[in-house]
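As structure tokens, the structure follows; a few thoughts come after it.
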Amino acid sequence: MQTLGKEERLKKRKVIEALFKNGKAISANPVRLIWAEMEDKTGKFPLQAGFSVSKRNFKKAVDRNKCKRLMREAFRKNKTGIYEFLEANDLHYSILFIYTQKEIAPYKSVEEKIILAIRRFEEELKKKIEKK
RNA sequence: AACGCAAAUUGUUCCAUCGCUCUUUAUGCAAAUUAAGGGGAGGAAAGUCCGGGCAACACAGGGCAUCAUACUUCCUAACGGGAAGGCUUCGACAACGGUUCGGAGACAGAAAGUGCCACAGAAAAUAACCACCUCGUACGGAUGUAUCCGGCGCGGGGUACGGGUGAAAAUGUGAGGUAAAAGCUCACGCUUCGGCGUAGUGAUGCGCCGCAGGGGUAAACCUUAUGAGUUGAAAAGCCAAAUAAACUCCGGUCAAGGGCUGCUCGUCCGAAUGCUUCGCAAGAGGAUGCCGGAGAGGGUAGGCUGAUAGAGGUUUCGGGUGACCGGAAUCCCAGAUAAAUGAUGGAACACGACAGAACCCGGCUUAUAGAUUUGCAAUUUUA
């Protein structure tokens, strides 16, 4: 399903703070992905995703909303692959997408970069598993 | 008809698919899920500049300080907002009686006090440079020899008409008056204050009378009048879970309590079988510690309420010049919480400006492509 409900989104302030403190980053300009393992593994979904745009880059609330909506839409459509991988290995992660540029890109290029970021994230996880 | 200015209204639409948020119904004890249906950003949601609701805390009375406001009446829950009116002032038409149209005004007090007023100018506030007038005099002239005339200069006095400076120079015009002058006096004006009459709820207008003539600046201090407790939804209230030491209370210390799935029986665990006072003893009391329970407190940014039915919208009737008020009918119209409106494909045209709710209202201010309506003056084209 290509849904993106409440439980799939990053909600808790504590988790977000932990992400910024301990998370590892992957960047695919203009998108930057921060990820970390979840402490709580009872969640229904393998991922909790959040989306963020800095007030420094976009002064107007309208523009920030637009950016977040584009990223959310792109993630919603392209999350199936990573979900299957995580469920197969019984992993729970939280991730946060941050838009780092000062201009709004069209949907198609945002989507490309999101796909790229997810693919790299998956590769990182594979390496980690192999080490073990 | 096009352009300009002012005011008001409006400010992309439709279809399909995938998705977000709230909600209703159905299945269900309930939760979750599924299915079907419905609602889902703005005129400024913005700035957070005023006012109010709401909430917590504070609160004897008076004074001082601070801040805000400042023509009148009305509207309003309230306002620093709005409506109508008055006054001052600018512009246009007009043309010197005034009237009409449009704009602007922190529009109480400068006649309570203090301060300030660049440059220029004599002087920027108990005015006097040039000037005008007058008296005295050095001096000169005339002769009838003690009088007259002149007098650049010097000294005393009077005046503020004229000149020049300036944004501003001591009420304007005319007449009298005088050595020359001056509100010194008079007439007609102007302005301040007071009184009476009249129109008006009132600011104020008009008429008459009296006193006075005073530069500007209060967005300088200040004076007068009126108002203001503080904080701000991360307010505030409730619920759940969990709990170390210390504190308070109650019970227990050869049995309170707990475990063995609920009950009974049984069994196991279980804090001093300690100290001390009285007593021959049985027993009664005390301190400290320990065990169990409760309270209060600390504490966790979990959930719910607050929080979306309101000073509400629409239509209509009545009242009022108007802001607005009253009645009736009808409607329910975002409620998120890392924060919901998007993406893809297609269609239309003017090719879409400024811009995203966060406790809620009433205003103000600022941003804004285009469209529509009304009013205004002038210009061009056509008839």
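What follows is calculated from the coordinates using simple rules that are stated; it is not laboratory data. None of the values given here were measured: they were computed from a predicted structure. Methodologically, a virtual Cβ is constructed for each residue, glycine included, from the backbone with ideal geometry; neighbour enumeration extends over all protein chains shown.
Grab the alpha carbons of the range A:6-131, take their convex hull, and tell me the volume per residue in Å³. Please report the intermediate quantities before stating the final value.
Working: hull volume 13.4 nm³, N = 126.
Expressed per residue, the convex hull around the Cα atoms of the range A:6-131 is 106 Å³.
With label points built 7 Å along Cα→Cβ from the Cα atoms of residue A:124 and residue A:20, find their separation and express it in nm.
1.8
Over the range A:6-131, what is the percentage of antiparallel beta bridges among all DSSP beta bridges, to the nearest 5? Mind showing how you got there, number by number?
Values: 12 of 20 bridges.
Bridges in the range A:6-131 are about 60 percent antiparallel.
Residue separation times 0.36 nm, minus the C-alpha to C-alpha distance between residue A:37 and residue A:91: what's the value?
Working: separation 54, 0.36 × 54 = 19.44 nm, distance 0.80 nm.
Contour length minus Cα-Cα distance gives 18.6 nm.
For A:62, A:110, what ranking results if the residue with the fewest other Cβ atoms within 10 Å of its Cβ goes first?
Values: A:62 8, A:110 21.
Neighbour counts put them in this order, fewest first: A:62, A:110.
Let me have the relative contact order for the range A:6-131, percent, based on Cα pairs under 8 Å that are six or more residues apart.
Numbers: 165 pairs, mean separation 46.6, N = 126.
Reported as a whole number, the value is 37 percent.
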